[in-house]
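Below is one structure, written out as structure tokens, with a few remarks after it.
The values are calculated or read from the model by the stated rules, or taken from the named source; none is laboratory data. Since the model is a prediction, treat every value here as computed from it, not as a measurement. Quick reminder, even Gly has a Cβ in these numbers, built from the backbone with ideal geometry, and neighbours come from all protein chains shown.
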Amino acid sequence: MWLSLLQLLLAVFAIYSALKFEEQTRLIIPLACLIAMLIVSRIDKLRAEQEKVRKNFLKSEMEKISKIDSMNLHEKDFFTVETLLWPKSELLLLDAVHSIFKDLGFMISPGIDYQFVDRIIKIPNTSKSFGLQVIRCEKEANKNHPKILRAIQFEKEKKEKEKSLIIASTQIHFPLAERAKMNHISKDLGEILFRYNIALITAHHLYDLWRKSKNGEIDLFDFFQKIYAHRGPFYSLKDTEDLFPSSLHLPA
């Protein structure tokens with residue numbers, strides 16, 4: 001939209017300069033505007049092509065999910081899944097994560113008593129809570145993301161029976177099948193999370209947990225109690241295989 005408006009402004013300025021400016025200038029400026037319009041047109045075309053590729057990619061991935069997923073997914077659920085796995089912003093990602101935890105029966109609130117959390121999540125029928133941070137990463141998550149510092153700050157101000165939990169939507173430009181083979185957090189981030197006892201789950205892991213819980217394959221409340229008791233992140237399957245049911249295949 002704004003690219004089309006820019007083209008229109010360039011065209012208007014070219015006409016104005018041809019009518020008002022001196023002879024040499026009235027030739028140079030319209031020519032420059034024409035070149036700029038061609039460049040803007042090319043950028044707009046590339047953007048449209050990239051958006052089309054993205055939509056086709058998302059459609060293909062969602063069709064795969066709908067074929068293998070035994071959940072009764074409604075239209076709003078597909079929007080939640082798309083936002084969770086291919087988020088356009090962290091704000092939309094947070095809304096999707098909030099919706100999933102609420103759907104699963106967790107008690108989730110804005111955490112107005114804290115400065116450094118996105119949400120507070122309480123495991124029902126327990127006194128255990130998580131200070132939630134959501135992060136969106138084009139590739140793997142690393143220690144330089146500002147939400148990591150927020151999670152550390154929460155660890156310093158948290159109350160008893162509370163723990164930091166990060167939901168990270170990582171490698172977002174890749175199909176789900178390829179994400180299973182990729183690294184999702186850097187080594188230095190893993191060391192920081194272990195040092196401060198901060199748990200981390202990738203967004204596609206959370207989707208898998210949501211799906212299996214909805215299908216009655218796992219007890220998610222029990223699962224998150226084990227996350228609460230375990231030290232450090234869940235980026236290494238070797239270190240955490242005793243915490244996952246055999247039916248839950250989460251990639252390292």
Practice item. Take region 205-252 and flag every residue that is in contact with a strand residue (DSSP E or B) (Cβ under 9 Å, 6 or more places away or on another chain), at pLDDT 50 or above and of a type in the set (A, V, I, L, M, F, W, C). Key: 206, 209, 224, 227, 234
**Study point:** Any pair with Cβ under 7 angstrom, 6 or more apart, that starts in region 155-174 at a residue that is assigned by TED's automatic domain parsing to the domain that holds residue 133 and surrounded by fewer than 21 Cβ atoms within 10 Å (Cβ to Cβ) and ends at one that is among the β-branched types (Val, Ile, Thr) and assigned to a loop (DSSP other than H, G, I, E, B)
**Key:** 155/198
Review point. Do we find a residue being over 11 Å from the mean Cα position of the chain (by Cα), in the same structural domain as residue 186 (by TED's automatic domain parsing), farther than 19 Å from residue 169 by Cα and surrounded by 16 or more Cβ atoms within 10 Å (Cβ to Cβ) anywhere in region 80-101?
Key: no
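Which one of 8, 19, 34 is outside the structural domain of residue 172 (by TED's automatic domain parsing), modelled with pLDDT of 70 or more and out of contact with any helix residue (DSSP H, G or I) (no Cβ under 6 Å at 6 or more places or on another chain)?
On the way: 8 fails: modelled with pLDDT of 70 or more; 19 fails: modelled with pLDDT of 70 or more.
Every option except 34 fails the conditions.
Only one of 29, 39 is of a type in the set (Val, Ile, Thr), surrounded by 15 or more Cβ atoms within 10 Å (Cβ to Cβ), outside the structural domain of residue 129 (by TED's automatic domain parsing) and at pLDDT 65 or above. Can you tell me which? Don't jump to the end; show me each part of the working.
Numbers: 39 fails: surrounded by 15 or more Cβ atoms within 10 Å (Cβ to Cβ).
So the residue among 29, 39 that is of a type in the set (Val, Ile, Thr), surrounded by 15 or more Cβ atoms within 10 Å (Cβ to Cβ), outside the structural domain of residue 129 (by TED's automatic domain parsing) and at pLDDT 65 or above is 29.
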Study note, to complete from the structure: Checked region 193-204 for anything at pLDDT 85 or above and either of a type in the set (Phe, Trp, Tyr) or not in a loop (DSSP other than H, G, I, E, B) (or both); matches are 193, 194, 195, 196, 199, 200, 201, 202, 203
